[in-house]
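K.L.:
There's a structure below that I have some questions on.
The values are calculated or read from the model by the stated rules, or taken from the named source; none is laboratory data. It should be emphasised that the depicted structure is a prediction, and the values quoted were computed from it without experimental measurement. Using ideal geometry, Cβ is built from the backbone for each residue, glycine included, and neighbour counts are taken over all protein chains shown.
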Amino acid sequence: MTKTLNVAMLGYGFMGKAHSNAYAKVAHFFPELETRPKLQVLCGRDKAKAEAFAKIWGYESVETDWRRVIERDDVDLIDIGTPNNTHAEIAIAAAKAGKWVACEKPLAMNCAEAEAMTRAIKEAGVPNLVWYNYRRVPAIALAHQIVQEKRIGRPFHYRATYLQDWTIAEDVPQGGATLWRLDKDAAGSGVTGDLLAHSIDTAMWLNGPITQVVASTETFVKERMHQESGKLQPVKIDDACMFLARFANGSMGTFESTRYARGRKNFNTLEMNGEDGSLSFNLEDPQYLSFYEHTRQDTGSKVEDHLTGWRKIHVTNFEHPYMDHWWVPGCTIGYEHTFVNTLADFLGDTEKGQRSRPDFEDAWQTQKVCDAVLKSAQEQRWIETGVDA
Ligand code: SOE
């Protein structure tokens, strides 16, 4: 028996599109799910833009005030795809109204907000999701499986980079509908919350809690025209951030992120090195996971000395995570499918009455690391993250 889930999407930007696509497709590719999302309401401040978006995606109705959406009885789930400075108020109100809540990352502007949001969600006991979609790249999910299977052995190193290049030009403005990511008041931080939050979420999923960090940040372009005021204003976000990390399991981490790496568009990489093996992934080559398995004569490992080397696994077989829901082996999936996979897991877990991750609680832990990173950069010293072990 199927159940309709009436979805209200707040926001019609990049993430409004990515999430809408997931709601539209999930039942086609995960037909075993009982829950059938229905694109019920599209909410955006600009009525004409909201109506145009709603028409393209087939939303039943349009609202321009999110408060009105939360009051509606014909809405079950509120999806927050609006700028970061709006997440807390909306999520708390939605939870109090008993709605399911799906929030775009980063969860909040800071830890205090993330904590309040998580508490509201827990008190309401509503299903909740934070869209850290990269966990659902099949190759990253396979990396998780390999770590869980203990094929890496004792972890020594975790290495992550997240590089882009779209803000190098000094005449890129800050603020407004499309460039709020450059405005600290709307975004909370720069690459730390926008890009490193992804890397941190993935890192803690694969390698456990990050306990301490020491960081350095830089803002290369000091002033940019603000789209709303039309004035040249100081840039307060971090354009680049590098940090060292210690994990609870004793391994060490390095994280680097920037929007000033010419030629790097969405270069999101990770590498793990353990006693028995290593893993390596690059989002610009997303179908592949590289795996190195060390020859273990003592444990009778099947890998023989003369054949030892990196394996580049094309993660498209039916046996690979999510791939039995898509095409035949060898046929690839892409960025948008990670949102569909994320939603499928969320709906499936919720149907089974189990916690679905990453949820608000997980995203709060990630926010703790982000806050510690920014504090460390400011105070130039190691900071304890306070992440739950
Ligand atoms: C920033 O450019 C951005 O759009 C992030 O906000 C997304 O989370 C990331 O997945 C792609 O890059």
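K.L.:
With the stretch 83-194 as the region, which helices (runs of 4 or more DSSP H) entirely inside it contain at least 2 residues that are in the same structural domain as Ala240 (by TED's automatic domain parsing) and aliphatic (A, V, I, L, M)?
P.N.:
Hits in the stretch 83-194: 138-148, 176-179, 184-187.
K.L.:
Going by what's in this entry, would Ala197 be described as modelled with pLDDT of 95 or more, assigned to a helix (DSSP H, G or I) and within 14 Å of the ligand (Cβ to nearest atom)? Reasoning before the result, please.
P.N.:
On the way: modelled with pLDDT of 95 or more: yes; assigned to a helix (DSSP H, G or I): yes; within 14 Å of the ligand (Cβ to nearest atom): yes.
Yes: the conditions hold for Ala197.
K.L.:
Does the stretch 1-19 hold any residues that are in contact with a Lys or Arg (Cβ under 9 Å, 6 or more places away or on another chain) and within 21 Å of Gly98 (Cβ to Cβ), and which are they?
P.N.:
Scanning the stretch 1-19 gives Lys3, Thr4, Leu5, Asn6, Val7, Ala8.
K.L.:
If you don't mind, another one. Please work out if Gly44 is surrounded by 18 or more Cβ atoms within 10 Å (Cβ to Cβ), assigned by TED's automatic domain parsing to the domain that holds Met117 and under 19 Å from the mean Cα position of the chain (by Cα). Full working, then the answer.
P.N.:
Working: surrounded by 18 or more Cβ atoms within 10 Å (Cβ to Cβ): yes; assigned by TED's automatic domain parsing to the domain that holds Met117: yes; under 19 Å from the mean Cα position of the chain (by Cα): no.
No.
K.L.:
Separate question: Quick test of your reading of the structure: Val213 fulfils all but one of (1) crowded, with 24+ Cβ neighbours inside 10 Å; (2) within 16 Å of the ligand (Cβ to nearest atom); (3) more than 17 Å from the chain's Cα centre (by Cα). Name the failing condition by number.
P.N.:
(2)
K.L.:
Inside the stretch 249-270, can you point out the residues that are more than 16 Å from the ligand (Cβ to nearest atom) and surrounded by fewer than 17 Cβ atoms within 10 Å (Cβ to Cβ)? It would help to see each step written out before you state the result.
P.N.:
First, pick out the residues of the stretch 249-270 that are more than 16 Å from the ligand (Cβ to nearest atom): 249-254.
Asn249, Gly250, Met252, Thr254, listed by residue number.
K.L.:
Also, I was wondering about something else. Could we say that Arg135 is within 14 Å of the ligand (Cβ to nearest atom) and of a type in the set (Lys, Arg) here? Reasoning before the result, please.
P.N.:
Numbers: within 14 Å of the ligand (Cβ to nearest atom): yes; of a type in the set (Lys, Arg): yes.
So Arg135 fits the description; yes.
K.L.:
OK, next. Go through the stretch 21-35 and give me each residue that's away from the ligand (no atom under 16 Å from the Cβ), in contact with a helix residue (DSSP H, G or I) (Cβ under 6 Å, 6 or more places away or on another chain) and not in a loop (DSSP other than H, G, I, E, B).
P.N.:
Here is the first cut: in the stretch 21-35, the residues away from the ligand (no atom under 16 Å from the Cβ) are 23-35.
Retained after the next criterion (residues that are in contact with a helix residue (DSSP H, G or I) (Cβ under 6 Å, 6 or more places away or on another chain)): 25-26, 29-30, 33-35.
Within the stretch 21-35, Lys25, Val26, Phe29, Thr35 qualify.
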